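The structure under discussion appears below in the form of structure tokens.
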Amino acid sequence: MAQGHSESPLSHVVDHPSLEFPGVEIHLGSIGGIQITRFMVMELVAACLIAAIVIPLSRHAAKNRVTRGKLLNAFEAILLFIRDRVARPAIGGHGADDFVPFLWTIFLFVLFCNLLGMIPGGASPTGNINVTGTLAVVTLCAVIVAGSREKGIIGFWTGIVPHLDVPKLLKPPLWGLMFVIEVAGLLIRHVVLSVRLFANMLAGHIVLAVILGFILQVAGMLIYIKVPVTMASVAGAAALSVLELFVAFLQAYIFTFLAAIFIGSAVHSH
């Protein structure tokens, strides 16, 4: 047993090389000189959970016209919602179904990473800018691939500049300026995509950690102070946890929806 990072409630919202459970701290080793952290473990757990659900669901759907079972029905409804209400409307008829597996993967990975932070001893990898930044880079690559497949590599990069109805002498410098602005805008959109998810998840866990930290602050005080503060903190944490559950689903949906919008904008001309 070790105290480690448990002394500060805010330490639970940052990454570190150990897994914490009530009363126990497990230190993680390294592989090939790379330190294993709890966010890495949580990402692996999220990937395994996705595989454990999606693989049986796909096999069941391939064999049966009607899905049976509450869990399989729930996930099938979620996946169909992403396909019919997010991917197809946003991307349109330009091979939307080709990107549905990517959007399913993004949604489920973000969702499970969000939810793992609500489990005692767990953590939300999406509360780390490195994780959300990587997801944004993957999304950017999907956008470039979608646009390049639809218009060709040169056609995609030249097509990001809208038509300029200006005199011929002004067109080359303005086109160059607009190209720089459009490329910067493409990158900024994905930076904002990563920061939005990171900030929302981190903020919720910080607030929850601070509320629970009140219990530690009054641990040595008189009982007529300690009891009311503890009860209020527990009640506040419970209410906030319900809100965090909603936010976990909402942020996964928003990230997936914006990813679909960006892919759709890449395959459609200005």
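The values are calculated or read from the model by the stated rules, or taken from the named source; none is laboratory data. These numbers were taken from a predicted model, which means no experiment stands behind them. Cβ placement follows ideal geometry from the backbone for every residue including glycine, while neighbour counts extend to all protein chains displayed.
Scanning region 141-163 for residues that are surrounded by 13 or more Cβ atoms within 10 Å (Cβ to Cβ) and of a type in the set (A, V, I, L, M) returns 142, 143, 144, 145, 146, 160, 161. So which of 166, 131, 138 ends up being surrounded by fewer than 19 Cβ atoms within 10 Å (Cβ to Cβ) and within 29 Å of residue 91 (Cβ to Cβ)? Only one candidate passes the filter, namely 138. Out of the residues in region 102-140 meeting the condition of being in a helix (DSSP H, G or I) and polar (S, T, N, Q), tell me which one is farthest from residue 41 (Cα to Cα). Among those residues, the one meeting the criterion is 139.
Would a scan of region 202-220 turn up a residue that is in contact (Cβ under 8 Å) with a residue 24 or more places away in the chain, under 29 Å from residue 100 (Cα atoms) and assigned to a helix (DSSP H, G or I)? There is at least one residue in region 202-220 that is in contact (Cβ under 8 Å) with a residue 24 or more places away in the chain, under 29 Å from residue 100 (Cα atoms) and assigned to a helix (DSSP H, G or I). For region 226-235, the criterion of being at pLDDT below 85 and within 25 Å of residue 157 (Cβ to Cβ) is met by no residue.
State yes or no: is residue 99 without any contact (Cβ under 8 Å) to a residue 40 or more places away in the chain and over 18 Å from residue 41 (Cα atoms)? Here the answer is no, as residue 99 does not meet what is asked. Can you find even one residue in region 176-193 that is without any contact (Cβ under 8 Å) to a residue 12 or more places away in the chain, in contact with a helix residue (DSSP H, G or I) (Cβ under 9 Å, 6 or more places away or on another chain) and outside any loop (DSSP other than H, G, I, E, B)? Yes, some residue in region 176-193 is without any contact (Cβ under 8 Å) to a residue 12 or more places away in the chain, in contact with a helix residue (DSSP H, G or I) (Cβ under 9 Å, 6 or more places away or on another chain) and outside any loop (DSSP other than H, G, I, E, B).
Counting only helices (runs of 4 or more DSSP H) that sit completely within region 21-92, those holding 3 or more residues that are loosely packed, with under 15 Cβ neighbours inside 10 Å correspond to 38-63, 70-81. In the set (1) of a type outside the set (Lys, Arg); (2) more than 12 Å from the chain's Cα centre (by Cα); (3) exposed (fewer than 13 other Cβ atoms within 10 Å of the Cβ), residue 96 fails one condition alone, (3).
Being touching a residue at least 40 places away in the same chain (Cβ under 8 Å), under 24 Å from residue 116 (Cα atoms) and surrounded by fewer than 14 Cβ atoms within 10 Å (Cβ to Cβ): is that true of residue 258 here? No.
Could you give me the residue pairs with C-beta distances under 8 Å whose first residue belongs to region 61-80 and is over 15 Å from residue 104 (Cβ atoms), whose second residue is in a loop (DSSP other than H, G, I, E, B) wherever it lies, and which are 6+ apart or on separate chains? Here the result reads 73/67, each pair linking region 61-80 to a residue that is in a loop (DSSP other than H, G, I, E, B).
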